[in-house]
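These notes are about the structure you will find just below.
The values are calculated or read from the model by the stated rules, or taken from the named source; none is laboratory data. These numbers come from a predicted model, not from an experiment. Neighbour counts are summed over all protein chains in view; Cβ atoms, including those assigned to glycine, are modelled from backbone coordinates with ideal geometry. Side chains included, ligands, DNA and RNA excluded: accessible areas come from the protein's heavy atoms. Shrake-Rupley method; radii C 1.70, N 1.55, O 1.52, S 1.80 Å.
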Amino acid sequence: MTEYENAIEISGLTKKYDTFTLDSVSFNVPKGSIMGFIGQNGAGKTTTINSLLGIIKPDAGTVNMLGMNIADHEEDIKKQIAAVFDENPFNDCFNAKQVEMIMRDIYEEWNSEKYHAYLEEFELPLKKNIGSLSKGMKMKLQIAAALSHNAKLLIMDEATTGLDPVVRNEILDIFLDYLQDEDHSILMSSHITTDLEKIADSVTFIDRGRITLTGYKDDVLEDHRVIKCSKSDYKGIDSEDIISARLTDFGAEVMIADSTLCRTKYSGLTADPTTLEEIMLFYVNRRKKEWS
C-alpha cells in the first residue's frame with residue numbers, strides 16, 4: 001500500500017481560459033482530515049476540483065492523490081476516491097436499486113451491505129425514481145453511493161448548497177463519522193462557511209483563480225481580527241497592515257491578519273474575533289482596500 005502524508009498535494013496547478021485563469025494553485029490536504037475549500041462562485045473551486053478528477057486537463061502543475069500522481073495513476077486513484085456534486089449525476093429515470101447495479105460494476109470493492117444500510121439510515125426508497133426525490137434525498141443517495149466502495153478520499157463540490165439546515169447537519173454528521181477512520185480524508189468545496197466552521201480541520205481560500213490563504217482553521221481564525229473604530233482612528237492604521245476595510249456612516253471595520261499586532265501596535269483599539277465568512281469577504285475586497 002502506498003504510504004503518504006497528504007491525501008492531496010497540488011502544486012502550481014494552472015488552467016487558462018479566455019475570461020478566467022486558474023493561476024498556479026498550490027495546497028495540501030493532510031491525510032485523515034477535512035479541508036474546506038472556500039471561495040465565492042466563479043473563484044476557481046470547480047475548475048480545481050475538475051482538474052483533480054481528470055475532467056479537465058491543466059496547462060501546468062502537478063496533482064498527487066493518495067501518494068500517486070494523477071497523470072500516471074489516474075485509474076488506480078479513481079478506484080479509491082469518491083466525488084459528490086451539487087447536481088445529481090444519476091439519470092432521473094433510475095432508482096436506488098439501479099444505481100447499485102451500475103456502481104458495483106465500476107468498483108471492485110463495492111459493499112452492497114453498506115449501501116443498503118445507508119439507504120435504510122437515510123430512509124431512501126429502493127425503487128422510487130430519482131427524479132421524484134427531493135434535493136436532500138438526491139444528495140443522500142449520492143453520499144450513500146460514494147461511501148459504499150471503500151473510498152479513501154471524498155471530494156465534494158458545493159455538496160450542501162440548497163439544502164435546508166436540518167439535512168445539512170445530518171450530512172455533516174455523516175462526514176464526521178466517515179473521518180473516524182484515520183485513513184479517510186475529505187476536500188469539501190463550499191461557500192457556506194458556517195458548515196466548514198463546524199467540521200473543517202483546515203481551510204483554503206481561493207479568489208479570482210488564486211489561493212489567498214491556506215492553513216489550519218483554528219490558526220486562521222485566531223490570526224485574523226476585525227478592528228472596529230472611528231474613521232479618524234482608521235486613518236492611524238498603517239495601510240500595509242490592512243487586508244481591507246469596510247467603511248460605514250458610523251466608522252470603519254478593519255481586518256488585520258495578525259492578532260499579535262492588534263494586541264501590541266493597536267492595543268488602544270478594540271479587535272474582535274472573526275468568522276470564515278468575514279475573512280472571505282474582506283479578502284475578496286482586498287483589491288479595493290476600502291468598501292462598504
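In table form, for the structure just shown:
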read-out: Calculated P(r) of the stretch 191-233 - Cα pairs past 16 Å, %; value: 51
read-out: Most mobile of Asp157, Asp18, Asp59 in a GNM of the chain (Cα contacts under 10 Å); value: Asp18
read-out: Förster radius 35 Å - calculated FRET efficiency between Arg287 and Arg104 (Cβ-Cβ, nearest 0.05); value: 0.10
read-out: For the stretch 252-259, Karplus couplings with θ = phi - 60° (6.51, -1.76, 1.60), whole Hz, Gly/Pro x; value: 9, 10, 10, 8, 10, 8, 8, 5
read-out: Average Cα contact separation per residue, the stretch 181-257, under 8 Å, 6 or more apart, as relative contact order %; value: 22
read-out: Debye intensity ratio I(q)/I(0), log10, the stretch 164-223, q values 0.12, 0.14, 0.22 Å⁻¹ (C-alpha model); value: -0.33, -0.45, -1.00
read-out: Solvent-accessible ranking of Met255, Met101, largest area first, probe 1.4 Å; value: Met101, Met255
read-out: Helix 96-106 vs. the chain, principal-axis angle (Cα, 0 to 90°, nearest 10); value: 90
read-out: Surface accessible to a 1.4 Å probe, per residue, for the residues of the stretch 84-177, Å²; value: 50
read-out: Computed Kirkwood radius, in angstrom, where 1/r is averaged over Cα pairs of the stretch 1-119; value: 16.3
read-out: Residue among Ile77, Ile206, Ile237 with the largest mean-square fluctuation in a Gaussian network model of the chain, springs linking Cα atoms under 10 Å; value: Ile237
read-out: For the stretch 158-212 and the stretch 220-236, distance of Cα centres in Å; value: 28
read-out: Over 17 Å [Cα-Cα, the stretch 149-266], rounded percent; value: 66
read-out: For the stretch 223-292: Kirkwood Rh in Å [reciprocal of mean 1/r, alpha carbons]; value: 11.7
read-out: Zero-based 5 Å bins, Cα pair distances in the stretch 90-140, whole percents; value: 5, 20, 32, 27, 13, 3
read-out: Cα gyration tensor category, rounded, prolate or oblate, for the stretch 16-67 with a/c compared to 1.5; value: oblate
read-out: Residues with amide H under 5 Å from that of Ser33, placed H, sequence gap 5 or more; value: Ile186
read-out: FRET efficiency for Ser132 and Ser230, using Cβ-Cβ distance with R0 set to 51 Å, rounded to 0.05; value: 0.35
read-out: Residue among Cys229, Gly215, Ser132 farthest towards the positive dipole end of the chain, charges placed on Cβ; value: Cys229
read-out: Rounded accessible area of Ser292 (nearest 10 Å², 1.4 Å probe); value: 120
read-out: Farthest positive-ward along the stretch 154-267 dipole, Cα basis, beta-carbon charges - from Ile256, Tyr266, Ile192; value: Tyr266
read-out: For the stretch 69-155, the fraction of alpha-carbon pairs in successive 10 Å shells from zero, as %; value: 18, 51, 25, 6, 0
read-out: Over the chain, relative contact order from alpha-carbon pairs under 8 Å, at least 6 apart, %; value: 20
read-out: Cα-only Debye scattering, the chain: base-10 log of I(q)/I(0) at q = 0.08 Å⁻¹; value: -0.40
read-out: Stretch gain in nm, segment Asp241-Thr264, where the contour uses 0.36 nm per residue and the Cα spacing is subtracted; value: 7.0 nm
read-out: Nonlocal amide H pairs with Lys128, under 5 Å, H built at 1.01 Å; value: Ala96
read-out: Proximal lysines relative to Lys128, as straight alpha-carbon distance under 29 Å, when same-chain residues fewer than 8 apart are discounted; value: Lys78, Lys79, Lys97, Lys114, Lys138, Lys140
read-out: In sequence order, calculated HN-Hα J values of the stretch 129-139 (Karplus, 6.51, -1.76, 1.60; Hz; x Gly/Pro); value: 4, 4, x, 8, 7, 5, 4, x, 5, 4, 5
read-out: Charge dipole magnitude, Cβ of K and R +1, D and E -1 - the stretch 1-106, Cα centre, debye nearest 20; value: 120
read-out: Positive-end extreme of charge dipole, the stretch 1-105 - chosen from Ile55, Ala71, Gly42 (charges on Cβ); value: Gly42
read-out: Relative contact order [Cα under 8 Å, 6+ residues apart], the stretch 1-158, whole percent; value: 24
read-out: Expected 222 nm ellipticity per residue - DSSP helices of 4 or more, -39500 (n - 2.57), all of the chain, to 500; value: -9500 deg cm²/dmol
